[in-house]
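The values are calculated or read from the model by the stated rules, or taken from the named source; none is laboratory data. Only a predicted model underlies this, so the values are computations on that prediction, with no experimental measurement involved. Cβ sites come from the backbone with ideal geometry, for glycine too, and all protein chains shown count toward neighbours. Just the protein is used for accessible areas: all its heavy atoms, side chains included, with ligands, DNA and RNA removed. Shrake-Rupley method; radii C 1.70, N 1.55, O 1.52, S 1.80 Å.
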Amino acid sequence: MDTLIISGTDFASVKAAVDWANNQIGRSAPNNTDLEVVKILEFQIVPVGDSFSIAVLVEVERKKSMSSMVINMRKDLGLSQSDAGE
């Protein structure tokens, strides 16, 4: 697992900032669609004038390709390569 810091700005309330952070789980990491946010490790909310900004340390993992998902599913079902034509 790798970690990444992501941030958001101009939130009207602390709740809006926290909701945004929680909604990042399961999404692609900003600027890297090969990574998926899996867990929030830490966060910091910073008041900026009348709004709030948030910095979030997240755990990310590489997204699985469809082919690797199919291979794993076939293994789980006990199917072999020779069963592919049936």
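The set of residues in region 1-15 that are open to solvent by less than 40 Å² (accessible area, probe 1.4 Å) and either in contact with a Phe, Trp or Tyr (Cβ under 7 Å, 6 or more places away or on another chain) or within 12 Å of Ile45 (Cβ to Cβ) (or both) comprises Gly8, Phe11. Remark: pairs (first residue in region 1-26, over 9 Å from Val56 (Cβ atoms) and in a strand (DSSP E or B); second residue open to solvent by 60 Å² or more (accessible area, probe 1.4 Å) and acidic (Asp, Glu); Cβ separation under 8 Å; 6+ apart in sequence or on different chains) = Asp2/Glu61.
When you check Asp34 against the structure, is it open to solvent by 80 Å² or more (accessible area, probe 1.4 Å), at pLDDT below 95 and of a type outside the set (Val, Ile, Thr), yes or no? Can you show your working first?
Working: open to solvent by 80 Å² or more (accessible area, probe 1.4 Å): yes; at pLDDT below 95: yes; of a type outside the set (Val, Ile, Thr): yes.
Yes.
Looking only at region 43-86, how many residues end up being in a helix (DSSP H, G or I) and modelled with pLDDT of 75 or more? Before you say what the answer is, go through the steps one by one.
Start the filter on region 43-86 by keeping residues that are in a helix (DSSP H, G or I), which leaves 66-77, 81-85.
With the extra rule that they be modelled with pLDDT of 75 or more, the set shrinks to 74-77.
Total meeting the criteria: 4.
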